[in-house]
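Q: After the structure tokens below, expect a handful of questions from me.
The values are calculated or read from the model by the stated rules, or taken from the named source; none is laboratory data. Just so it is clear, the model here is predicted, and its values are computed rather than measured. Methodologically, a virtual Cβ is constructed for each residue, glycine included, from the backbone with ideal geometry; neighbour enumeration extends over all protein chains shown. Each accessible area value is taken on the protein alone, full model and side chains, heavy atoms only, with ligands, DNA and RNA left out. Shrake-Rupley method; radii C 1.70, N 1.55, O 1.52, S 1.80 Å.
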2 protein chains.
Amino acid sequence: MTDAGVEQTAGGAEASAGAPMTAKGFAFTVEARDGAARAGRLVTPHGVVETPCFMPVGTKASVKAVQPRELRELGAQIVLANTYHLYFRPGTEIVAAHGGLHGFMRWDGPILTDSGGFQVFSLEGTRVMRDDGVEFSSVYDGSRHVFTPELAMHIQEELGADVIMAFDQCAPGTLALPELEAAVERTTRWAAACKAAHTRPDQLLVGIVQGGVDEDLRRRSAAEITGVGFDAYAMGGLSVGERGDEMLATVELMDELLPADRLRYFMGIGDPVGIVDVMARGVDVFDCVLPTRMARTGTAMLRGGGRLNLRNARFAADLSPLEADCDCYTCRTFTRSYLRHLVTQKEILGAQLLSLHNLRVLLRLTSDARSAIRAGRFAEFVSNVAERGSAGG
Amino acid sequence: MTDAGVEQTAGGAEASAGAPMTAKGFAFTVEARDGAARAGRLVTPHGVVETPCFMPVGTKASVKAVQPRELRELGAQIVLANTYHLYFRPGTEIVAAHGGLHGFMRWDGPILTDSGGFQVFSLEGTRVMRDDGVEFSSVYDGSRHVFTPELAMHIQEELGADVIMAFDQCAPGTLALPELEAAVERTTRWAAACKAAHTRPDQLLVGIVQGGVDEDLRRRSAAEITGVGFDAYAMGGLSVGERGDEMLATVELMDELLPADRLRYFMGIGDPVGIVDVMARGVDVFDCVLPTRMARTGTAMLRGGGRLNLRNARFAADLSPLEADCDCYTCRTFTRSYLRHLVTQKEILGAQLLSLHNLRVLLRLTSDARSAIRAGRFAEFVSNVAERGSAGG
């Protein structure tokens, strides 16, 4: 599926001309293809996002342990923030008083907010499915709340991100078929409600396809969600416990089913090999908490997908940098020995420096992938990453 | 004691010409005086330190939550690291393998290490005073160790800081007189042993005067320690529980007793008003963990000595910067509302941003004081700080 030079047919013609978008100030162009992999360009009111692109996650309006100016330095183009958490803390009105998330977290580039759906379904507490939405308990104080498509749109309009997500029911492929089907139906109904409720013309609304790893349900969800019609599409309910081969087969199916001229977003994938795998199947944008979360437990990601646990005693006197060929501040400045010291002594600086490095690994991975796609040597790039990955750790 | 224009007499003549130092690559000059306050210049092999100067504390070879490049940006000139902690973790040999602390923590400016004495006497565990030193239990694993003047010198030579401290017995003014006297005697004996044991010509060795707040003991300790003879002198055993007026009276006494042409270091003072008070009594250098420790509990220092507890609900929707007239990254970039959000949500970024600000407050305070002393308007500066301090909080 990564044969360089084999042109994808579906939608290719329109795509190269640049896709019209309903959102004001937005445009998306697929600039190059190599096999199913795509190099694209998303124009937003807060700047351009060149794809493939990894989005650092700032759940509570902060990419953990990283300053906005450092995100810039690392090459981050767009940052993700979380509707659920920000709705409860500090509350939508406080973010809105800052003119939205850009003013609140002081990141002046593009921002994407998720819909809160994933948290409503994945965080602890008793949920009650209702026709109009989901009733759940806040993780902050246990108070009961109802999230509806309309509320998810309202919150995201107040938060003011450039790219916002439809409210969906994230249904893992491990669910029984009837439940999966119910989730697909609900997701379609809510997608239409979101589209109807969304009023801000300067926000790109992304539709989410569900269906687990069941081909029929995926086909149905894709048909229904594209039928509602969105500027961009996300693949939901993947990378949440299903088998890897089923996940990849589903992404391949999505590549076939989604319009080729629209941005595609795979939610929640953060290991380099996994990212390359879905990139090779036509996905443009990715996000994951993995790089910063791993950093806080003292683990460094390596460019090829291997990992270094800096608590390991073998690094105690290791005077080499984390990665010799990495251009991040951490690798340019400090030894593994020093980083291990910070990690084992629970110094905050350890989390900071590893977060910088881990984010740089993924940001550079997607940027290198983009160059490879444009140069028609993506297959070579993929095999290099796989090779480095198996040698790492 | 802060009358501008009143020239200090003792040692003034030599001081203005620049004091010879036994350590290679070092020189200290008192460039200006205003009352007892001094503006000086310490040349070290790793750069110049202009005084008065606040030293950020990097206990375990990391100024908590702050990167070395940020220390530079904040105007830090010299950083303190801790002999006791580094001896146990990562161990002296690992730091030495990096060519010393400069290579280990990647701070290429001047570094000062304390002697470990304060930790040996203040950290939990059973201590046994011996003729040759102190036997104690490591806070890391409870193992028994003996610190002697010779070992304190050896460790500090291996750590390779520019400025190192004699091994003393830190004796608070609250101790009974016989114990205080024993500490003075021991400190003198150990000071001589340190001077004899110290071999590196490229390190400035600082003698420490003890004696609590007892005038006779201070006089005796000052006479004995200056009798041993050092390139610079520290005032120990202050700011550790004694009354403020007694502490200040003791500093005034020290100003009279210590040679005027030598650098003077007050160990462990970090509140702006306190710093100004001892600066007004002829002290050149200060250090304290206060700014970074307060940052980690969500408290901002204000330039005048007031404090803001950002957990307070009154900042929830406060869109103003922490301090309007502060030039740090935090104040130039974020609102109090956002900082409060980070602090209450326990985001690491909160500790980072408040650490930057709190350090900047003290670094700017001492740098402003220097300008005021040179301009002969230190009294005005002091009353401004006191005024701002009483208005803050």
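Q: Look through A:Asp284, A:Asp271, A:Asp261, A:Asp277 and report the one residue that is surrounded by 23 or more Cβ atoms within 10 Å (Cβ to Cβ) and either under 27 Å from A:Thr299 (Cα atoms) or touching an Asp or Glu at 6+ places or on another chain (Cβ under 9 Å) (or both).
A: Step by step, each of A:Asp284, A:Asp271, A:Asp261, A:Asp277 is checked, and only A:Asp284 is surrounded by 23 or more Cβ atoms within 10 Å (Cβ to Cβ) and either under 27 Å from A:Thr299 (Cα atoms) or touching an Asp or Glu at 6+ places or on another chain (Cβ under 9 Å) (or both).
Each row is one residue, and each column tells you yes or no for (1) open to solvent by less than 10 Å² (accessible area, probe 1.4 Å); (2) in contact with a strand residue (DSSP E or B) (Cβ under 9 Å, 6 or more places away or on another chain).
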position	(1), (2)
B:Ser137	no, yes
B:Tyr140	no, no
B:Ile155	yes, yes
B:Glu158	no, no
B:Cys170	no, yes
B:Glu185	no, no
B:Arg189	no, no
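Q: Across the range B:83-135, which residue is nearest to the other protein chains (Cβ to nearest Cβ) among those that are in a loop (DSSP other than H, G, I, E, B) and open to solvent by less than 20 Å² (accessible area, probe 1.4 Å)?
A: Pass one, the range B:83-135, residues in a loop (DSSP other than H, G, I, E, B): B:98-100, B:106-110, B:114-116, B:123-127, B:131-132.
Applying the additional criterion that residues be open to solvent by less than 20 Å² (accessible area, probe 1.4 Å) yields B:100, B:107, B:109-110, B:115-116.
Values: B:Gly100: 12, B:Trp107: 10, B:Gly109: 14, B:Pro110: 19, B:Ser115: 20, B:Gly116: 17 Å.
Only one residue fits best here, namely B:Trp107.
Q: So which pairs qualify, if the first residue must be in the range B:207-223 and in a helix (DSSP H, G or I), the second must be open to solvent by less than 10 Å² (accessible area, probe 1.4 Å) and hydroxyl-bearing (Ser, Thr, Tyr), the Cβ gap must be under 7 Å, and the two must be at least 6 apart or on different chains?
A: B:Arg218/B:Thr250; B:Ser221/B:Thr187
Q: I would also like to ask the following. May I ask you to say which residue of A:Leu356, A:Leu342 is among the aliphatic types (A, V, I, L, M), closer than 19 Å to B:Thr59 by Cα, at pLDDT 95 or above and in contact with a Phe, Trp or Tyr (Cβ under 9 Å, 6 or more places away or on another chain)? Reasoning before the result, please.
A: Working: A:Leu356 fails: closer than 19 Å to B:Thr59 by Cα.
Checking each option against the conditions leaves just A:Leu342.
Q: In the range A:339-378, what residues are open to solvent by 40 Å² or more (accessible area, probe 1.4 Å), within 16 Å of A:Ala280 (Cα to Cα) and not in a loop (DSSP other than H, G, I, E, B)?
A: Within the range A:339-378, A:Ser367, A:Asp368, A:Ser371, A:Arg374 qualify.
Q: Additional query: Taking the conditions exactly as written (at pLDDT below 95 and in a helix (DSSP H, G or I)), does A:Val273 satisfy them or not? Before you say what the answer is, go through the steps one by one.
A: Details: at pLDDT below 95: yes; in a helix (DSSP H, G or I): yes.
Considered against the rule, which asks whether it is at pLDDT below 95 and in a helix (DSSP H, G or I), A:Val273 comes out as yes.
Q: I want to confirm something. Restricting to the range B:26-46 and keeping residues that are in contact with a helix residue (DSSP H, G or I) (Cβ under 9 Å, 6 or more places away or on another chain) and outside any strand (DSSP E or B), which single residue is most open to solvent (accessible area, probe 1.4 Å)?
A: Filtering the range B:26-46 for residues that are in contact with a helix residue (DSSP H, G or I) (Cβ under 9 Å, 6 or more places away or on another chain) and outside any strand (DSSP E or B), the one most open to solvent (accessible area, probe 1.4 Å) comes out as B:His46.
Q: With the condition kept exactly as written, say whether any residue in the range B:293-303 is more than 9 Å from every other protein chain (Cβ to nearest Cβ) and open to solvent by 40 Å² or more (accessible area, probe 1.4 Å).
A: Step one: filter the range B:293-303 for residues more than 9 Å from every other protein chain (Cβ to nearest Cβ), giving B:293-295, B:297-303.
Next cut, open to solvent by 40 Å² or more (accessible area, probe 1.4 Å) only: B:293, B:297.
Within the range B:293-303, one or more residues are more than 9 Å from every other protein chain (Cβ to nearest Cβ) and open to solvent by 40 Å² or more (accessible area, probe 1.4 Å).
Q: Taking the range A:304-336 only, how many residues are surrounded by 21 or more Cβ atoms within 10 Å (Cβ to Cβ) and not in a loop (DSSP other than H, G, I, E, B)?
A: Number of matching residues: 5.
Q: Taking the condition hydrophobic (A, V, I, L, M, F, W, C), assigned to a helix (DSSP H, G or I) and open to solvent by 50 Å² or more (accessible area, probe 1.4 Å), does A:Ala196 pass? Before you say what the answer is, go through the steps one by one.
A: On the way: hydrophobic (A, V, I, L, M, F, W, C): yes; assigned to a helix (DSSP H, G or I): yes; open to solvent by 50 Å² or more (accessible area, probe 1.4 Å): yes.
Taking the combined requirement at face value, the residue satisfies it.
Q: While we're here: State the number of residues belonging to the range A:91-138 that are without any contact (Cβ under 8 Å) to a residue 40 or more places away in the chain, aliphatic (A, V, I, L, M) and within 28 Å of A:Ala171 (Cβ to Cβ).
A: Here the count works out to 4.
Q: Another question about this same structure. Inspect all residues belonging to the range A:237-248 and state whether any of them is of a type in the set (A, V, I, L, M, F, W, C), touching a strand residue (DSSP E or B) at 6+ places or on another chain (Cβ under 9 Å), assigned to a helix (DSSP H, G or I) and within 21 Å of A:Ser115 (Cβ to Cβ).
A: We begin by selecting, within the range A:237-248, every residue of a type in the set (A, V, I, L, M, F, W, C); these are A:238, A:240, A:247-248.
Imposing the further condition that a residue be touching a strand residue (DSSP E or B) at 6+ places or on another chain (Cβ under 9 Å) reduces the set to A:238.
Those left that are additionally assigned to a helix (DSSP H, G or I): none.
No, the range A:237-248 contains no residue that is of a type in the set (A, V, I, L, M, F, W, C), touching a strand residue (DSSP E or B) at 6+ places or on another chain (Cβ under 9 Å), assigned to a helix (DSSP H, G or I) and within 21 Å of A:Ser115 (Cβ to Cβ).
Q: So A:Val49 passes all but one of these: (1) more than 12 Å from every other protein chain (Cβ to nearest Cβ); (2) open to solvent by 30 Å² or more (accessible area, probe 1.4 Å); (3) within 25 Å of A:His198 (Cα to Cα). Which condition number does it fail?
A: The single condition A:Val49 does not satisfy is (2).
Q: Return the only residue of B:Leu302, B:Leu354, B:Leu363 being of a type outside the set (Gly, Ala, Ser), closer than 30 Å to B:Ala232 by Cβ and within 23 Å of the chain's Cα centre (by Cα).
A: Values: B:Leu302 fails: closer than 30 Å to B:Ala232 by Cβ; B:Leu354 fails: closer than 30 Å to B:Ala232 by Cβ.
Answer to the check: B:Leu363.
Q: If you don't mind, there's one more thing I want to ask. Just one of the numbered conditions (1) open to solvent by 20 Å² or more (accessible area, probe 1.4 Å); (2) within 13 Å of chain B (Cβ to nearest Cβ) is not true of A:Pro68; which one?
A: Of the numbered conditions (1) open to solvent by 20 Å² or more (accessible area, probe 1.4 Å); (2) within 13 Å of chain B (Cβ to nearest Cβ), the odd one out for A:Pro68 is (1).
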